[in-house]
Amino acid sequence: AAVVLALAGVYAFKQNSSTIPAPVVESFATWRMTYGKSYGNPSELQYRTKVFYTNYQKVAEIKKSGVSYSVALNQFADMTEEEFVAKYTGYRHQERKSGLRKVRKATGKTLPDSVDWRKKGAVNPVRNQGRCGSCWAFAAVVGLEGAYYKSKGKLIQLSEQQLVDCSVSYGNHGCNGGLMDYAFEYIEVSGGLASQSDYPYTGKDGTCQTDVPQIKFKVSDYVDVHPRDADALAEALAQQPVSVAIAANSIMFYSGGVFDNRYCGSRLNHGVSAVGYGHDSTENKDYWIVRNSWGASWGEDGYIRMRKDVSLSTGECGILLAASYPEIA
């Protein structure tokens, strides 16, 4: 009976996929081999083929539109946009607690033409949050590691998993989302964080481990960058890496270049880290250097350059709306 059902499923898949062009079916087969994807039954394969075809068309349309950045059918190509947002983002935007924290405004001071904290040795290799809405923890850790480097002159690797497991009482929700500021508040009270090796990332919610050795440091405060102020963010970045939030829907298939899409919106749903800024002389565009947490195979070795010189008060994809960074004594 199982064999009959399987054969019936394959037949139905062929019948229902007849409207999908053969090159797309072949492309999907190659993509599945590349990313090691397999599905439990013919109906799931049929559904994922249709989703892939939709994304295939979407990527083709973006390319045809003549945008300056490049896109590709990457590891997310068998997912709907809704699935992608649900599983690979996780920033929970909340209104700022006015009066409780420092707010950094632009002072008008002269800044370097470009800043790249990677070249200064203040940023660790890109990591992958997996199917856990823990982007906020990865963004917070980059901010903490950058602040530690600025204070102590040493790059350490801190545990995202500890934030996922242990900062729940501060307002975070583990793999169901969170906020970088709440992670900083947790560190302020806990007085440190475990190393990545002592408290490794699992990509799922776990019980807070209280017996793990901690790297002790004091977060004396954290600073919110004044919203809608590109100069304030640039001044902060000249000082250290900064945790930021963006609307990530439109960058799902980004693969390179200066991302320039004024329609990407500002509904913040993804925590990332700005680690510098610069200018692309070929495209004649200024950009922010943004470290993501979708692995090094995404984008430009795990990074995206987002256009900086835009007229939008929110910045590209809302990058100017919720930037913050910790200060380590």
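Net charge in the neighbourhood of Arg291 (other residues with Cβ under 12 Å of its Cβ; Lys, Arg +1, Asp, Glu -1) is -1. Above 16 angstrom, tally the Cα pairs of region 68-196 and express them as a % of all pairs, no decimals. Counting pairs separated by more than 16 Å, the tail of P(r) holds 70 percent. About the Cα centre of region 279-327, what is the dipole size in debye to 20, counting +1 per Lys and Arg Cβ and -1 per Asp and Glu Cβ, all else neutral? Dipole of region 279-327, to the nearest 20 debye: 100 debye.
Ranked by the mean number of other Cβ atoms within 10 Å per residue, highest first, peptides 274-285, 102-113 order as 274-285, 102-113.
When peptides 320-327, 192-199 are sorted by average Cβ neighbour count within 10 Å, with the highest value leading, the order is 320-327, 192-199. Pairs from the list Lys102/Lys152; Lys87/Lys218; Lys50/Lys204; Lys87/Lys154; Lys87/Lys150 with a Cα-Cα gap above 26 Å: Lys87/Lys218; Lys50/Lys204; Lys87/Lys154; Lys87/Lys150.
Between the Cα long axis of helix 135-152 and the first principal axis of the chain there is an angle of about 30°, rounded to the nearest 10. Convex hull volume of the Cα atoms of the chain, normalised per residue: 150 Å³. Note on the chain: helix-only mean residue ellipticity at 222 nm, from DSSP H runs of 4+ residues weighted -39500 (n - 2.57) and normalised by residue number, equals -10500 deg cm²/dmol. Where the alpha-carbon atoms of region 167-239 are placed on the principal axes, they occupy 42, 27, 21 Å, in descending order. Peptides 161-167, 35-41, ordered by how many other C-beta atoms sit within 10 Å of their residues on average, highest first, read 161-167, 35-41.
We did not get these values from a lab; they are worked out from the coordinates using the rules stated. This one's a predicted model, so the numbers in the text were calculated from it and none came from an experiment. Here the Cβ is made from the backbone with ideal geometry for all residues, glycine too, and neighbour counts use every protein chain on show.
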